[in-house]
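Since the structure comes first, as structure tokens, the remarks are kept for the end.
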Amino acid sequence: MNRVVETWEVSGIGQVAVAVSDRARRARISIDRDGAVKLVLPRRVPLSQGRAVLESGRAWITKHRCRLRAEQKCPPLDRDRARGLLVQRLNELACCHDFTYNRVFIKNQKTLWGSCSAANNINLNANLIHLPDELRDYVILHELVHTRHKNHSKAFWRALDRLVGDAKRLQRQLRQYRLPA
């Protein structure tokens with residue numbers, strides 16, 4: 001029988017119920033229909049190793065939560081709300097990191113999360129409001145860095161890494177999310 005022993009707050013995942021089982025042979029992560037995450041550990045595995053298990057399963061959690069949301073249909077996109085939130089966050093990040101851009105457009109694109117034109121116009125996908133904050137900020141900062149580096153050169157990735165830490169890790173996490181068809 002699984003007995004919940006702790007509840008952890010894990011960045012980028014949220015609350016995780018941690019259970020210990022006499023019958024479990026290995027650690028496993030499960031996700032309920034409502035998106036709640038549960039980590040079951042065999043009795044012999046120390047709780048301290050549970051965090052490593054969650055970290056290694058982060059992409060799987062993100063992928064399956066995204067599938068659940070797609071199955072449950074995302075709420076209708078409120079473009080006015082999206083515009084307000086995204087423009088505000090774009091301005092905050094641009095100001096904080098000393099970036100300038102020309103104009104901003106909020107679109108409901110099918111293939112891109114964002115883009116930056118040669119004239120430093122930034123396009124952001126309204127569906128960014130459905131992403132976790134860390135990934136939303138990653139996309140916005142990615143486009144702001146393009147105002148200085150117009151391609152994906154090593155200099156671009158170094159500049160982005162200085163702002164977000166491990167940009168490639170965030171890029172991989174972003175790939176777990178799909179734009180609505």
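Coordinate-derived values only; no laboratory data. Remember, it's a predicted structure, so these values are computed and weren't measured experimentally. Methodologically, a virtual Cβ is constructed for each residue, glycine included, from the backbone with ideal geometry; neighbour enumeration extends over all protein chains shown.
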19 Å tail of the calculated P(r), the chain, as % of Cα pairs: 63 percent
Hey, in the GNM for the chain with a 10 angstrom Cα cutoff, which one of Lys38, Lys107, Lys154 fluctuates hardest? Lys154
For helix 47-56, report the angle its Cα long axis makes with the longest principal axis of the Cα atoms of the chain; keep it between 0 and 90° and round to the nearest 10°. 40 degrees
With a 10 Å Cβ neighbour count serving as the proxy for reagent exposure, in which order, fewest first, do Thr62, Thr7, Thr147, Thr111 appear? Thr111, Thr7, Thr147, Thr62
Compactness of region 79-174, expressed as Rg and Dmax over alpha-carbon positions, Å: 12.2, 36
Proximal lysines to Lys63, defined as alpha-carbon separation beneath 27 angstrom and excluding residues fewer than eight positions away on the same chain: Lys38, Lys73, Lys107, Lys110, Lys168
Using a Gaussian network model of the chain whose springs link C-alpha atoms within less than 10 Å, name the residue from Arg44, Arg148, Arg69 with the highest mean-square fluctuation. Arg44
Only Cα pairs within less than 10 Å get springs; with that Gaussian network setup on the chain, which residue of Pro46, Pro132, Pro76 has the largest fluctuation? Pro76
